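What follows is a set of notes on a single structure, which appears directly below.
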Amino acid sequence: MKDIHDESTWPVWANETIDIVEPNPKWVEKGNQEKALLLNLLSTFGITEIQHYGSTSIPNLPAKPIIDLMAKIDSFQKSKEISSLLANHDWHYVPPNIDNRPWQRFFVKVINDKRVVHLHILLEGEERWDNQLLFRDLLRNNQQFIDEYAILKRNLAKKYSNDREAYTKAKTEFINFVLKSWLRTNISL
């Protein structure tokens, strides 16, 4: 039996380096196309809302050229069926024991051994859903946050070019800062 934690057995796309590229205005259109395709495929599982929320959803923000989407579902019971369906459309399921995020089910769309889209399926009522959308919307409306986040992402991509987990974790402090600044502003109103 293959050791799932042995990175030498992972597919090429699972070990891609982190590359931050200049913003592409087509990312929003691509996000909309992927959302429409997924809603068509997944509506039978009760998925009626998908959001484009990652860096590619924020105009003028450099990013990894991977569309991040998240969908709501009422239960993870149909994950195996969802995985089978999506596998026919270039999607790969990353189980929670590898993803280390039990609150979601994670899929990666791969074309030519490259990640092109991530799909994070979250349970209805998951707090991370609202926080992700709030962070996206706060950046969309604040060029200073965009500029600061762009610098941080480029620096972290250099530092952690081969470690996606460390890269993601290192962004957390900035994300929390932005969310807390919004909270402070809105509590004082």
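The values are calculated or read from the model by the stated rules, or taken from the named source; none is laboratory data. Remember, predicted model here, so these are calculated numbers, not experimental data. Quick reminder, even Gly has a Cβ in these numbers, built from the backbone with ideal geometry, and neighbours come from all protein chains shown. Just the protein is used for accessible areas: all its heavy atoms, side chains included, with ligands, DNA and RNA removed. Shrake-Rupley method; radii C 1.70, N 1.55, O 1.52, S 1.80 Å.
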Cβ-Cβ under 6 Å pairs, at least 6 apart or on other chains, the stretch 86-101 side on the phi > 0 side of the Ramachandran plot, far side of a type in the set (D, E, K, R): Asp90/Lys109
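Table: residues versus (1) over 19 Å from Trp27 (Cβ atoms); (2) of a type in the set (S, T, N, Q); (3) over 17 Å from the mean Cα position of the chain (by Cα).
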| site | (1), (2), (3) |
| --- | --- |
| Phe45 | yes, no, yes |
| Pro65 | no, no, no |
| Ala71 | no, no, no |
| Ser75 | yes, yes, yes |
| Ile82 | yes, no, yes |
| Pro95 | yes, no, no |
| Phe107 | no, no, no |
How about the stretch 74-85: which of its residues are surrounded by fewer than 19 Cβ atoms within 10 Å (Cβ to Cβ) and either at pLDDT below 95 or not in a loop (DSSP other than H, G, I, E, B) (or both)? Ser79, Lys80, Glu81, Ser83, Ser84, Leu85
Residues of the stretch 133-169 being open to solvent by 30 Å² or more (accessible area, probe 1.4 Å), under 15 Å from the mean Cα position of the chain (by Cα) and modelled with pLDDT under 95, in sequence order, are Arg164, Glu165, Thr168, Lys169
When restricted to Leu69, Leu61, the only residue closer than 22 Å to Asp163 by Cα, of a type in the set (A, V, I, L, M), assigned to a loop (DSSP other than H, G, I, E, B) and open to solvent by less than 70 Å² (accessible area, probe 1.4 Å) is Leu61
For the stretch 18-58, give me each residue that is part of a loop (DSSP other than H, G, I, E, B) and farther than 19 Å from Lys153 by Cα. Gly46, Ile47, Thr48, Glu49
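Can you report the number of residues in the stretch 126-180 which are of a type in the set (Lys, Arg) and in contact (Cβ under 8 Å) with a residue 24 or more places away in the chain?
6
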Residues within the stretch 20-43 that are open to solvent by 50 Å² or more (accessible area, probe 1.4 Å), under 15 Å from the mean Cα position of the chain (by Cα) and not β-branched (Val, Ile, Thr), tallied: 2
So, in the stretch 23-67, how many residues would count as being among the hydrophobic types (A, V, I, L, M, F, W, C) and closer than 22 Å to Gln143 by Cβ? 5
